[in-house]
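Okay, structure first, notes after.
We did not get these values from a lab; they are worked out from the coordinates using the rules stated. Only a predicted model underlies this, so the values are computations on that prediction, with no experimental measurement involved. All Cβ positions, glycine included, derive from the backbone under ideal geometry; neighbour counts span all protein chains shown.
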Amino acid sequence: MTKKQLTFAECDALLTAPGTEFEMVTVMENGSPQRVWKNAPPDFRTFFEGSMQKWADNILVNEPVPEPAEYDERQDVTYGQALDNAYRLAAWLREQGVGKGDRVAVCGINSSGWLTSFVATNFLGAVPVCINSTLVKEAQIHCLSLTKPKVVLADVKDAQIFSSIRNELKAGGAGPLYSWNDLSHLPADARAGVTSLDYANLKVNPQTVADIKARKGCAVQPTDDALILFTSGTTSLPKGVMITQRQGMQHVHTASIPAARTALRAGAPVEMALGVHAPPPQPLSVLMPVPLFHVTGLLAVTVRVFFAGSKFVFQRRWSVPDAVKLCVDHKIDMVSGVPSIATAILQSGLLPPDFHFAALSYGGAAPAKRLAGDVRGRFPDAFINHGWGMTEAAGLHIAISGQDYIERPDAVGVAIPIGGMRIVDENRKEVPPNTLGVLHIRGGNVAKGYLDNPKANAEAYTSDGWFDTGDVGVIDEDGILYLRDRAKDMIIRGGENIASAEVENAVTQDPRIAEAAAVPVPDPVLGELVAVGVSLAPGMSATPESIIDEADKRLRYPARPVFVVVWDGDLPHNANGKFQKNEIKELVQRKWKEQGGKRVGPVKARL
């Protein structure tokens, strides 16, 4: 007799039963009762310090040597080396007057210097401010003026940017500027106002180091701020998101839930499913193309790398050939990031036929519907996970993985046990299953709020503990979420809402297409029509007419695109891997206007 498959709710009940590693408790968070993991680390310092001591001899990072080194020159940094540097830097920061609750800005591309800066700040009980290193100067000034860090730490690239705006930063309340990289190769005017620090050789009082190690003056509470991240700022200046010690540490356990659920759904015994939380027998090698300043890179990936004593492999900049070479050279087990990274590696055809990943995990943007099948076809034994989260959720909140994801490639998944999700109408009333509405989430992982932005807090947080994500979707009768769009990105054609994801999934089923972004173009009769910007897969060619012909076969009449712009190269993304929809829309609408609002090919759409 075939064993009946457990529901997601039944899986969660088994995993979170009293006495298990995933046992939950209820605490007051954001003014309302929320579930948290009972066994989560109490704070960032306890977690990072314990991991770095446990894995001291393991390699933490393989990374490019900073400029002016040769492009391919690389170095290893162990957990123990990073720990010693973090103690030393924490002592130095204290001697500069930084104390518990003060803010320290950290800005740069992925590197051991970035990680050391972040960890050292937490060792003090201070608050790292994780600055997006790709922002334009106006946004950098905004973020640093909003947070007013006592000290700013940066890599060589951002040190030069900060040097050029040092007067504006000082006027906004930012403290002195330092770089963890050597700047001596730069012209004097390019490094003016920035001091280089050699973390391995900082001159500090040994007693200060001893006090840091003894945690004197460093104690924090679960509700104290642990870090500040920033929203993507694709439509406005970034908002600062405050995440507490307890909220940020939920991901240590949350990250294991998708694999544990998948095991139970496949018929594994509870003991085996619970065992997936343990570090693997051998440390993994993890290619890290997503930035550490983003919630995915920092909380979804970094926390788990430290937990397992795994090795980061960093790139100087994103390049598919470089990524593939690193995968082979370092025997990469896992790649985490946005879907476009997995798509680019797959479509490149550069990986050796016998190369296999142990796991691929992606989120942060909607994947093409075909991606799950493409990954399974190329890496049949790999664990595949599609996660949904946001900065305000401190990482992963909803996930689907394994065979469940293969069978439902357009699904987002089920909320983690400590979290909740619901779909509401325009009055914020919960709607029945399979009814389109706005996604709300709650849980002990949801951030405490936006920094100095009462208007945004009032709009996003409800009085009973829910957070309005702004995403539009449905939850089916099995409790599985399907997202349709961001509320602000819906295309409204003749009064009918058309989700960009519906169009994008249809277009990207065409094997010639790498990525597609659906945007509106104006129409005097219907208000808006559907248009698409696309990038092509390597070696492919396609005309707008042929792309529309293929897409029409998979789309209902109102959702059929009337205009296509084929990009020269990749579609524009921000540093977090999300489409720059405003930039795409601006170019598509400009080209639409230039050619007089003329539809491509015969008019096949109708009212």
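Taking K and R as +1 and D and E as -1, what net charge do the other residues with C-beta under 14 Å from the C-beta of D76 add up to? Mind showing how you got there, number by number?
On the way: positive: R74, K311; negative: D57, E63, E73, D329.
Result for the neighbourhood of D76: -2.
Cα-based Rg (one decimal) and Dmax (whole number) for the range 392-525, in Å?
Both quantities, over Cα of the range 392-525: 16.3, 48 Å.
Provide the per-residue ³J(HN,Hα) series for the range 506-522, in order, calculated from phi with Karplus coefficients 6.51, -1.76, 1.60 and θ = phi - 60°, each as a whole number of Hz, with x at glycine and proline positions.
Karplus values, whole Hz, x for Gly and Pro: 5, 5, 7, 6, 6, x, 7, 9, 7, 9, 9, 10, 8, 9, x, 10, x.
Return the subset of K553/K578; K100/K170; K488/K585; K553/K593 for which the Cα-Cα distance in this structure is over 18 Å, preserving the input order.
Correct reply: K553/K578; K100/K170; K553/K593.
Output wanted: per-residue J couplings in Hz (rounded whole) for the range 222-227, from phi through Karplus 6.51 cos²θ - 1.76 cosθ + 1.60, θ = phi - 60°, x for Gly and Pro.
Going residue by residue, I get x, 8, 6, 4, 10, 6 Hz, with x marking Gly and Pro.
Going by amide H atoms built from the backbone, whose H comes under 5 Å of the H on T78, apart from near neighbours?
HN-HN under 5 Å from T78: L60.
Can you bin the range 56-173 into rounded, prolate or oblate? Criterion: square roots of the alpha carbon gyration tensor eigenvalues sorted a ≥ b ≥ c, rounded for a/c under 1.5, prolate for a/b above b/c, oblate for the rest.
It is oblate, given that a/c is not under 1.5 and a/b is not larger than b/c.
Can you give the % of DSSP beta bridges in the range 497-594 that are antiparallel, to the nearest 5?
75
At R0 = 25 Å, how high is the FRET efficiency between H185 and D329 if r is their beta carbon distance? Nearest 0.05 is fine.
It comes out at approximately 0.35.
Hey, what D do you get for the range 497-594 in µm²/s if you plug the Kirkwood alpha-carbon radius into Stokes-Einstein at 10 °C and 1.306 mPa s?
My calculation gives 118 µm²/s for D.
Along the principal axes of its C-alpha atoms, what lengths does the chain span, in descending order and rounded to whole Å?
77, 67, 54
Quick one: which of K38/K448; K137/K203; K148/K429; K157/K239 span more than 28 angstrom between C-alpha atoms?
The pairs that break the limit, which is 28 Å between Cα atoms, are K137/K203; K148/K429.
Rounded, prolate or oblate: which one fits the range 154-207, using the alpha carbon gyration tensor with axes a ≥ b ≥ c (rounded when a/c is under 1.5, else prolate when a/b beats b/c, else oblate)?
It comes out oblate by the Cα gyration axes.
Can you give me the distance in nm between label points at Q509 and V566, each placed 7 Å from the Cα along the Cα-to-Cβ direction?
Here the answer is 2.2 nm between the modelled labels.
Could you state the angle between the C-alpha long axis of helix 137-147 and the longest principal axis of the C-alpha atoms of the chain, as a value from 0 to 90 degrees rounded to the nearest 10?
60
Could you rank the peptides 99-108, 295-304 by their average count of other C-beta atoms within 10 Å per residue, with the highest value first?
295-304, 99-108
Indicate, rounded to the nearest 5 percent, the antiparallel portion of the DSSP beta bridges found entirely in the chain. Intermediate results must be reported in sequence, preceding the final value.
Working: 58 of 94 bridges.
Here the antiparallel bridges make up roughly 60 percent for the chain.
Using the Kirkwood radius built from alpha carbon pairs, what does the Stokes-Einstein equation give as D for the range 191-246 at 20 °C and 1.002 mPa s, in µm² per second?
The estimated diffusion coefficient comes to 141 µm²/s.
Whole-Hz ³J(HN,Hα) for each residue in the range 523-540, computed from phi via Karplus 6.51 cos²θ - 1.76 cosθ + 1.60 with θ = phi - 60°, x for glycine and proline: what do you get?
Each residue's phi maps through the Karplus curve to give 9, x, 9, 9, x, 9, 10, 8, 10, 9, x, 10, 10, 9, 5, x, x, 9 Hz.
Need the C-alpha centroid separation for the range 36-99 versus the range 577-601, integer Å.
45
Shape call for the range 280-392 from the C-alpha gyration tensor, a ≥ b ≥ c root eigenvalues: rounded (a/c under 1.5), prolate (a/b greater than b/c) or oblate?
rounded
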